[in-house]
Number of protein chains: 2
Amino acid sequence: MTGILAGLRIVEGSAFIAAPLGGMTLAQLGADVIRFDHIHGGLDAERWPVTREGRSIYWASLNKGKRSIAVDLRSPKGRELLTALITAPGEGAGIFTTNMPARGWLAYEELAKRRADLIALNIVGDRHGTANVDYTVNVVTGFPMAAGPVGHHGPVNSLVPPWDLATAYAGAMAILAAERHRRMTGQGQRVVLPLQDMALATTSALGYVGEAVINQTDRPKVGNEIFGTFGREFRTKDDRYVMICMFSDRHVDALAAAGGFEEAFAAIEKKAGVNLKTDAGRWNVRAELNALIEPWVASLTAEEVGAALKRAGALWGPYRTFRELSSDRELVLDNPMFTVLDQPGIGRYPVAATPLQFGAVEREPPRPAPLLGQHTDEILSGILGLPAHEIARLHDEKVIGGPR
Amino acid sequence: MTGILAGLRIVEGSAFIAAPLGGMTLAQLGADVIRFDHIHGGLDAERWPVTREGRSIYWASLNKGKRSIAVDLRSPKGRELLTALITAPGEGAGIFTTNMPARGWLAYEELAKRRADLIALNIVGDRHGTANVDYTVNVVTGFPMAAGPVGHHGPVNSLVPPWDLATAYAGAMAILAAERHRRMTGQGQRVVLPLQDMALATTSALGYVGEAVINQTDRPKVGNEIFGTFGREFRTKDDRYVMICMFSDRHVDALAAAGGFEEAFAAIEKKAGVNLKTDAGRWNVRAELNALIEPWVASLTAEEVGAALKRAGALWGPYRTFRELSSDRELVLDNPMFTVLDQPGIGRYPVAATPLQFGAVEREPPRPAPLLGQHTDEILSGILGLPAHEIARLHDEKVIGGPR
């Protein structure tokens, strides 16, 4: 391993998105991330999307580059093996991350008896420890009630799970913060990250709580428009969509140049008494701007619109479906971040490495996800020093398993 | 400062969400984060939402706990001051994060001439350096084409900016990874994080690229349903909405207990030949489940439904608007993460501290955002050692400014 985090070992007990993605993020930076699962697979072992044969593409995508150990989590022997693994000695070891209930044998206090400087990140549903997922947390933030098409009654959920993503990356950051603290003081610690608090803190950071209290307003649904400046989707002659935005002076000038809107923009400014080079100005005349841009986009193909916007340096993007994205040269096939991998049991498809480019190290190509328990034997032998006959016996006793 | 990152100093040249939120995340963990802006404010100084007086609630929310220095970015003297600040000596200093064009005097190579072990995080629009925002990146990921109500034609954008959030937290993590590397090797480096690659890598991690290539399908719009298991919104008797999900055996049993659905669930299983304790089973009979749950929820008030679901330990959440959230006892007013702050120029409202609870340090209460240039003088004096008369002269020459 030659990544920026080479030498760090993290044992992960996880399921679904937040914890696995956090661990994968560190694995793709060179950490040795060992995910343990129950001998028959965890809660997310068969999570959709799956292949026609029922193999989880979801699981494979969220666990790339990790090692996998499969253990009977209910057996005392299995628990003892994992306790030993989590608390194994070594400078970059002794880091445990989980979104499983960290109680009983997995409680920090229990584990810390075996290794005083243990670092544990416990991702919990909310500050009381109640179970939550992105979907149940998202609904309380206020976003679904303000999202979706104008005139639509009721909530519109997010398809991207934003709070899982935030928790994954902030959790990975927290592990590095705690490891820095241990490096400086020798001290371990438990870090608790409630998914719900992550969502609420971010909602606060984005200004929504302040706006609601200070202005005493709830945002109306504005569809695909960007509140407080200019941006929305436009439909092309060939029934495609492009997103066109203006966030700065430069974007106003570029869009004017792309569409030949210089005079029309000036006329709108004059008539409405606004300045298009301010956020408020653009927002206030968005209806006039839409009425100008709509027919222009509608008169051109997506390729023609894109070429004009690109040439002028406008702020825009073409809408893609997942399938279009997956076969897009610029975005995926020619993007050096992607490598076509053969994921055992699933097949060949483009897989992303880390998006982070560290100057001090080469970016490592992505590695496949493990099969369940693929590394059980090598971990028990390499880290815990178990002899082959002992490992064989544990297999016979069904305390450990894999690969499968 | 007593946070987990005490002793770390980061100079930030930023605008909008990703870079400011990344910096604020570190500031709320105790790092000394100094945001510099043009003397009249940056691109996002007046970004909406704003108060009735035009003060940006957005800016205040994304820059809490930072120090602010305001400098004429076009003047050679101003640039020299910032170069000196970015490259100032000190073990935890020499860290620069920006999403401004890192060219010319802000290029890594230029800055590194003054401090060889400089760490710089450059957030860029895409791998070619083209400008992008969350909105223009989101459209290429595929999510908007698959999001939104069933039957809705065309894309539905995300109201939460997921890729800004991912970039903010992953960027903060990258700074700590690079600082760890410097601590171990003495070596600085430039880290590049393209917003678009962040979005594409995460889309890959969530399985969408794999699904598109392997199964050759595009996800249809499924509205508020959770693909591949069970979950959606339900409307109560008093016209409120609740999200109800089942991700595991326990959630199936809990929902059955809450609604008295034990026999009905068994009948659905028998008739359709499915097992509700599998993802596929729940997904395949979601229409039958919806038909069962809808009238139950519709016959009760939101309070009654919530009480029943909570008592049974179901996986659920109540929808809230931003205003409801902001005055919610459980979520905000009684949540120890929030403190009511007086944000100068804006007013009093609940503001979140970091959602991360580190066992080794007390969580610090949130601090207000600075006024533009509030700390100009103390930074020039305290870090660069400029005498008072020199600072006064720089003010007179309009090289520096603030507070305002």
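The values are calculated or read from the model by the stated rules, or taken from the named source; none is laboratory data. Keep in mind it's a predicted model, so treat the numbers as computed, not measured. So basically every Cβ, Gly included, is an ideal-geometry build from the backbone, and we count neighbours across all protein chains shown. We work out accessible area using only protein heavy atoms, side chains counted, and drop any ligands, DNA or RNA first. Shrake-Rupley method; radii C 1.70, N 1.55, O 1.52, S 1.80 Å.
Can you name every residue in the stretch B:48-69 that is among the β-branched types (Val, Ile, Thr) and either farther than 29 Å from B:TYR108 by Cα or in a helix (DSSP H, G or I) (or both)? Write out each step before concluding.
Here is the first cut: in the stretch B:48-69, the residues among the β-branched types (Val, Ile, Thr) are B:50-51, B:57, B:69.
Those that are among the β-branched types (Val, Ile, Thr) and either farther than 29 Å from B:TYR108 by Cα or in a helix (DSSP H, G or I) (or both): B:VAL50, B:THR51, B:ILE57.
For the stretch A:196-223, which positions are open to solvent by 10 Å² or more (accessible area, probe 1.4 Å) and touching a residue at least 24 places away in the same chain (Cβ under 8 Å)?
If the condition is that a residue be open to solvent by 10 Å² or more (accessible area, probe 1.4 Å) and touching a residue at least 24 places away in the same chain (Cβ under 8 Å), then A:GLN196, A:TYR208, A:ASP218, A:ARG219, A:PRO220, A:LYS221, A:VAL222, A:GLY223 are the ones that fit.
Would you mention how many residues in the stretch A:26-40 are open to solvent by less than 10 Å² (accessible area, probe 1.4 Å) and either within 18 Å of B:ALA205 (Cα to Cα) or within 11 Å of chain B (Cβ to nearest Cβ) (or both)? Spell out how you get there, then give the answer.
Taking the stretch A:26-40 as the starting set, the residues that turn out to be open to solvent by less than 10 Å² (accessible area, probe 1.4 Å) are A:26-27, A:29-31, A:33-37.
Subset that is either within 18 Å of B:ALA205 (Cα to Cα) or within 11 Å of chain B (Cβ to nearest Cβ) (or both): A:26-27, A:29-31, A:33-35.
Qualifying residue count for the region: 8.
Conditions tested, residue by residue: (1) out of contact with any Cys (no Cβ under 7 Å at 6 or more places or on another chain); (2) open to solvent by 10 Å² or more (accessible area, probe 1.4 Å); (3) among the charged types (D, E, K, R).
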site	(1), (2), (3)
A:ALA298	yes, yes, no
A:ARG311	yes, yes, yes
A:LEU315	no, no, no
A:VAL351	yes, no, no
A:GLU362	yes, yes, yes
A:GLN374	yes, yes, no
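Residue-by-condition table, conditions (1) at pLDDT 95 or above; (2) under 30 Å from B:PHE322 (Cα atoms):
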{"site": "A:ALA102", "(1), (2)": "no, no"}
{"site": "A:TRP105", "(1), (2)": "yes, no"}
{"site": "A:TYR108", "(1), (2)": "yes, no"}
{"site": "A:ARG115", "(1), (2)": "yes, no"}
{"site": "A:LEU118", "(1), (2)": "yes, no"}
{"site": "A:ILE123", "(1), (2)": "yes, yes"}
{"site": "A:VAL137", "(1), (2)": "yes, yes"}
{"site": "A:GLY142", "(1), (2)": "yes, yes"}
{"site": "A:ALA147", "(1), (2)": "yes, yes"}
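Working carefully through the options A:GLU378, A:GLU303, A:GLU330, find the one that is closer than 30 Å to B:ALA172 by Cα and out of contact with any Cys (no Cβ under 7 Å at 6 or more places or on another chain). Break it down stepwise before answering.
Details: A:GLU378 fails: closer than 30 Å to B:ALA172 by Cα; A:GLU303 fails: closer than 30 Å to B:ALA172 by Cα.
The match here is A:GLU330.
Conditions (1) within 15 Å of A:PRO355 (Cβ to Cβ); (2) at the interface with chain A (Cβ under 8 Å from one of its Cβ atoms); (3) open to solvent by 20 Å² or more (accessible area, probe 1.4 Å), marked per residue:
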{"position": "B:PHE96", "(1), (2), (3)": "no, no, no"}
{"position": "B:GLY104", "(1), (2), (3)": "no, no, yes"}
{"position": "B:GLU109", "(1), (2), (3)": "no, no, yes"}
{"position": "B:ARG115", "(1), (2), (3)": "no, no, yes"}
{"position": "B:ILE123", "(1), (2), (3)": "yes, no, no"}
{"position": "B:GLY129", "(1), (2), (3)": "yes, no, yes"}
{"position": "B:ASP134", "(1), (2), (3)": "yes, no, no"}
{"position": "B:THR141", "(1), (2), (3)": "yes, yes, no"}
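Within the stretch A:1-14, track down each residue that is more than 9 Å from every other protein chain (Cβ to nearest Cβ), aliphatic (A, V, I, L, M) and over 18 Å from A:GLN357 (Cα atoms).
A:ILE10, A:VAL11
Going through the stretch B:70-94 one residue at a time, which ones are buried (at least 19 other Cβ atoms within 10 Å of the Cβ) and in a loop (DSSP other than H, G, I, E, B)?
B:ASP72, B:THR87, B:ALA93, B:GLY94
Is it the case, given these coordinates, that B:HIS181 is assigned to a loop (DSSP other than H, G, I, E, B), within 7 Å of another protein chain (Cβ to nearest Cβ), at negative phi and of a type outside the set (Val, Ile, Thr)? Before the answer, list the steps.
Details: assigned to a loop (DSSP other than H, G, I, E, B): no; within 7 Å of another protein chain (Cβ to nearest Cβ): yes; at negative phi: yes; of a type outside the set (Val, Ile, Thr): yes.
No, not satisfied.
Could you give me the residue pairs with C-beta distances under 9 Å whose first residue belongs to the stretch A:359-380 and is of a type in the set (S, T, N, Q), whose second residue is in a loop (DSSP other than H, G, I, E, B) and buried (at least 17 other Cβ atoms within 10 Å of the Cβ) wherever it lies, and which are 6+ apart or on separate chains?
Once the first residue is of a type in the set (S, T, N, Q) and sits in the stretch A:359-380, its partners that are in a loop (DSSP other than H, G, I, E, B) and buried (at least 17 other Cβ atoms within 10 Å of the Cβ) give A:GLN374/A:GLY402; A:THR376/A:GLY402.
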